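Right, one structure below, let's go through it.
The values are calculated or read from the model by the stated rules, or taken from the named source; none is laboratory data. Bear in mind that the values here come from a model prediction, so they are computed numbers and not experimental data. Note that each Cβ is placed from the backbone with ideal geometry, even for glycine, and that neighbours are counted across all protein chains shown. For accessibility, only protein heavy atoms count, side chains too; no ligands or nucleic acids. Shrake-Rupley method; radii C 1.70, N 1.55, O 1.52, S 1.80 Å.
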Amino acid sequence: MSEITRTDVLIIGAGPVGLFAVFELGLFDMRCHLIDILDRPGGQCAELYPEKPIYDIPGYPAINAQELVDKLLLQIAPFKPDFTFNRMVSALQRLEGGGFRLTTDEGEVFEAKVVVIAAGGGSFQPKRPPIPGIEAFEGASVQYAVRRMEDLRGHDVVVVGGGDSALDWTLNLQPVARRVTLIHRRPEFRAAPDSVNKMHALADSGAIDLVIGQVSGLNGEGGELRSIQVKGPDGEVEVACTRLLPFFGLTMKLGPVADWGLNLHENQIPVDTEKFETSVPGIFAIGDINWYPGKLKLILSGFHEAALMAQAAKHVVSPKERIVFQYTTSSTSLHRKLGVPD
Ligand code: FAD
């Protein structure tokens, strides 16, 4: 078994609600570690609508979703949370002596006294492109996320797609891979204009190849790709390819949460409205993932749930400590935790 990382509270999901939970838990001196499948914090806000304004965050008549995430990160910085990105929590088990053990899809092991499930709509999972036989190459030759750029060093990398992920990885991998080819079905790209300009400059200078067309076939054996076929306006061409990175967007699926022995209500986790605790004591669920009568899937609701959950979590983490209600405005002890000067 790999080395165990221990913390007070393990938060599954670094969306807006998971992030704010760090603040509420931090006020009660609980250390937090957040794990997310995505490669950055922010959940739906960062992944689905970063540039859209939100109009119902108290105190902000309008705030862009990414800006809200950035401000949440600033707000929780005094509590120094640990983050593990690009990992899915795949298993959750109760420990005999109390607490929980969580395992990621890459085999890392975490132990915590309390688990907070802030998994939103579930796990973001990549959409599989309609390429015949692709399953046989998934894992090694076909990758839907780049976990370590170094693993792609010296490879003939083919990136497929026209959005931000496809363009970002084309630019980032160009100096690392033996050769990068970007394939998109049409000459227009949805990605940020700056990235598109940079990509065209690399293609014009011959540093990468840009091919307009669709992947129609895969050549290789034993799970290892050698080349791919691309059907374009001028017919079919063969492109050298040992690593294929399709970026066709993400869908949300409940994922492994469904296998953890918790009661479920239409793919959501029922909780009480005093502690936001699940059917398993010590496991809480906040934000879009939970359900109770009258539940509204709003960021605002998740923030409220985080505040109440933190009080209950403190009883689990430090059962002998008395909880004192304090305002952040006037409590000098909270000011010290937040780094507010006297
Ligand atoms: P999420 O933001 O969904 O984050 C959950 C995170 O958990 C994800 O990053 C996911 O990758 C991760 N995760 C899930 N399972 C696992 C696992 N097993 N292991 C590791 N990580 C996991 N709300 C408002 O209040 N106002 C609005 O105006 C508004 N506008 C919206 C507009 C759009 C287009 C959309 C899509 C949503 C909008 N919402 C709005 C809803 C709001 O975004 C959600 O309520 C909010 O994101 C929920 O936050 P969360 O932290 O609970 O979950």
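The length gained by stretching the chain between Lys231 and Asp259 to full extension, at 0.36 nm per residue less their Cα-Cα distance, is 6.0 nm.
Where a ≥ b ≥ c are the square roots of the eigenvalues of the C-alpha gyration tensor, would you call the stretch 15-86 rounded, which needs a/c under 1.5, or, failing that, prolate if a/b is larger than b/c, or oblate? Cα axes put the stretch 15-86 in the oblate bin. Applying the Karplus relation 6.51 cos²θ - 1.76 cosθ + 1.60 with θ = phi - 60° to the stretch 179-193 yields 3J(HN,Hα) values of 8, 10, 10, 9, 10, 9, 6, 9, x, 8, 10, 8, 6, 4, x Hz, where x marks Gly and Pro. Could you tell me which of rounded, prolate or oblate describes the stretch 281-342, using a ≥ b ≥ c as the square roots of the eigenvalues of the alpha-carbon gyration tensor, with rounded for a/c under 1.5 and, failing that, prolate when a/b is larger than b/c and oblate otherwise? Oblate. Coupling constants for the stretch 144-157 follow from the phi torsions by the Karplus curve (6.51 cos²θ - 1.76 cosθ + 1.60, θ = phi - 60°), and in residue order they are 9, 8, 9, 8, 9, 4, 4, 5, 9, 4, x, 8, 7, 9 Hz; glycine and proline get x. Ratio of Rg to Rh for the stretch 98-145: 1.13 [Cα atoms; Kirkwood radius as inverse mean 1/r over pairs]. If R0 is taken as 22 Å, the Cβ-Cβ distance between Asn219 and Arg128 corresponds to a FRET efficiency of 0.70.
Where both bridge residues fall in the stretch 128-248, DSSP classifies roughly 45% of the beta bridges as antiparallel. Looking at the stretch 94-157, the trypsin sites (Lys or Arg not before Pro) that sit in a DSSP loop and have at most 13 other Cβ atoms within 10 Å of their own Cβ are Lys127, Arg147, Arg148, Arg153.
Residues whose amide H falls under 5 Å from that of Ile11, counting only those 5 or more places apart or on a different chain, are His33, Leu34, Ile35, Val116, with hydrogens built in the peptide plane. Across the stretch 204-333, Cα-Cα pairs farther apart than 16 Å form 76% of the total.
Could you tell me whether the stretch 192-270 comes out rounded, prolate or oblate from its Cα gyration tensor? Rule is a ≥ b ≥ c as square roots of the eigenvalues, rounded for a/c under 1.5, then prolate if a/b exceeds b/c, otherwise oblate. Prolate shape, in that a/c is at least 1.5 and a/b is the bigger ratio. Here the label points at Ile4 and Tyr55, each 7 Å from Cα along the C-beta direction, are separated by 5.1 nm in the simple model. Considering only C-alpha atoms, what is the centroid distance from the stretch 21-92 to the stretch 1-17, in Å? Each part's Cα centre sits 14 Å from the other's. Largest mean-square fluctuation among Gln93, Gln326, Gln143, in a Gaussian network model of the chain whose springs join Cα atoms under 10 Å apart, belongs to Gln326. Amide H contacts under 5 Å for Thr278: Ile283, Phe284, Ala285, restricted to partners 5 or more places along the chain or on a different chain, H placed in the peptide plane at 1.01 Å from N.
The residues of the chain have, on average, 50 Å² of accessible surface per residue, using a 1.4 Å probe with all protein chains present. Note on the stretch 128-248: with neighbouring protein chains present and a 1.4 Å probe, carbon and sulfur make up 48 percent of its accessible heavy-atom surface. In order along the stretch 247-261, phi translates into HN-Hα couplings of 10, 10, x, 10, 10, 9, 10, 4, x, x, 3, 5, 9, 9, x Hz, rounded to whole numbers, per the Karplus curve 6.51 cos²θ - 1.76 cosθ + 1.60 with θ = phi - 60° and x for Gly and Pro. In this structure, the amide hydrogen of Met88, modeled 1.01 Å from its nitrogen in the peptide plane, lies closer than 5 angstrom to those of Asp105, Glu106, counting only residues at least 5 positions away or on a different chain. For the stretch 28-134, the set of chymotrypsin sites (Phe, Trp or Tyr not before Pro) satisfying both a DSSP loop assignment and a count of at most 11 other C-beta atoms within 10 Å is given as Tyr55. Across all directions, the shadow cast by the convex hull of the chain built on its C-alpha atoms averages 20.6 square nanometres.
Here the accessible area of the stretch 276-342 is 59 percent carbon and sulfur, with a 1.4 angstrom probe and all protein chains present.
By how many degrees, 0 to 90 and rounded to 10, does the Cα axis of helix 164-173 deviate from the longest principal axis of the chain? Around 70 degrees separate the two axes.
Only helical runs count toward this figure. For the chain, summing -39,500 (n - 2.57) over DSSP H runs of n ≥ 4 and dividing by all residues gives -7000 deg cm²/dmol at 222 nm.
Share of antiparallel DSSP beta bridges in the chain, in percent to the nearest 5? The antiparallel proportion sits near 45 percent. Computed over neighbours whose Cβ is under 15 Å from that of Asn197, the net charge equals -3, Lys and Arg +1, Asp and Glu -1.
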